[in-house]
Amino acid sequence: MTVLLPEPVFEEVWHGQLFALTVLLNEAGHFSWADWAKKFGISLKKHGFDRELNGGEDYFTAWLDALEGFLTETNMTGQKDLVLIKEAWKTAYLSTPHGAPVSLK
Amino acid sequence: MPDDVHDSKHAHSVLPSDPTLRVKALETLLIRKGLIDPTALDAIIDTYQNKIGPKNGAKVIARAWSDLAFYDRLISDATGAVADLGFHGRQGEHIIALQNTNEIHNMVVCTLCSCYPWPLLGIPPTWYKSDAYRARTVREPRKVLAEFGVALPSETSVRVWDSTAELRYLVVPQRPKGTKGWREEQLAALITRDSMIGTGFPKDAQ
């Protein structure tokens, strides 16, 4: 195990965004933190089944999978909708000139 | 034309990573459904990036070292004691303070995921979230401590506490020698994040 030097709170922007989304949903009463922790724990186990997670990018990838799955199971979001919106964002990036703000049509 | 030369007419925005796009999709959908307030997102990120961190916990420990009545209250009712200093809120609803002594050294882990006392220590470091720490701390705490540079006398026993979504722990390290008469701010500067998780000691008095 390597003991790392001081690090940023969130290594990637999306880590912080994902964290904030989860906190907000919990605070709005959509799920309890205990239920979330259970789901997340299962996802971490799954992701770490055949390799050792380092607690960085792989940790938040497991978090993302857990949140998507949890919200789909509880019908707060649909997997199909998520894929469509993700593709729409991709198209928006690819059709927006470099430097201009990217937004969904 | 070489690959690294772009036709400016076709130059588009850089496509973000796949997880970035997935998070954007989640955020877009949740906002459209009215399930979250978009303005609150940035506020949460800012809070944990800039406002909450181990300095909060250090203030608590420095007060405990300076004020015996507060120390006793911290050990008997940590949630109430830290709330008196203004530290409360998410993931700090139920906190237990663990007293390090010559006989007992406490260390904290979360074997399920990464439960941690956010109001006092902020967001956990990467190593706290790693499989290596989460799995090995329970199995071989002394070895893990040695990797953090923490060597304990054989007569000191190690107690490992497994955090849960409901219960978070704060280790109260022993006050360093040579700090008699120090002000709380001076003491707080000696208290490290790791000393409040149990994977380190406070800095020595200089």
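Just so it is clear, none of the values below were taken in a lab; they were calculated from the coordinates. This is a predicted model, so every value here is computed, not measured. Note that each Cβ is placed from the backbone with ideal geometry, even for glycine, and that neighbours are counted across all protein chains shown.
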- Query: Which value at 222 nm does chain B reach when only helices count, each DSSP H run of 4 or more adding -39,500 (n - 2.57), with the total divided by all residues and rounded to the nearest 500 deg cm²/dmol?
  - Reply: -11500 deg cm²/dmol
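Hand me the trypsin sites (Lys or Arg not before Pro) from region B:100-180 located in a DSSP loop with no more than 12 other Cβ atoms within 10 Å, in residue order please.
Details: sites: B:Lys129, B:Arg134, B:Arg136, B:Arg139, B:Arg142, B:Lys143, B:Arg159, B:Arg168, B:Lys177, B:Lys180; in loops: B:Lys177, B:Lys180.
The qualifying sites are B:Lys177, B:Lys180.
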- Ranked on Cβ counts within 10 Å of their own Cβ, fewest leading, B:Ile52, B:Ile61 go B:Ile52, B:Ile61
- Item | Angle in degrees between helix A:13-27 and the longest Cα principal axis of chain A, rounded to the nearest 10 | 80
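Rounded, prolate or oblate: which fits chain A, taking a ≥ b ≥ c as square roots of the Cα gyration tensor eigenvalues, rounded meaning a/c under 1.5, else prolate when a/b beats b/c?
Working: a/c = 1.85, a/b = 1.25, b/c = 1.48.
It is oblate, given that a/c is not under 1.5 and a/b is not larger than b/c.
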- Task: Give me a single rounded figure for A:80-92: the average over its residues of other chain Cβ atoms within 10 Å of their Cβ.
- Result: 4
- The simple spin-label model distance between A:Thr74 and B:Asn50, using points 7 Å out along Cα→Cβ, in nm, is 3.0
- Once you have all Cα-Cα distances for region B:54-197, histogram them in 10 Å bins from zero and send the whole-percent values. 12, 43, 36, 9, 0
- Task: Compare the Cα positions of A:Thr77, A:Ile42, A:Leu104 along the charge dipole of region A:27-105 (+1 at Cβ of Lys, Arg; -1 at Cβ of Asp, Glu; about the Cα centre) and return the one farthest towards the positive end.
- Result: A:Leu104
- Message: Between 0 and 90 degrees, rounded to the nearest ten: what's the tilt of helix A:57-73 against the longest Cα principal axis of chain A?
- Response: 70
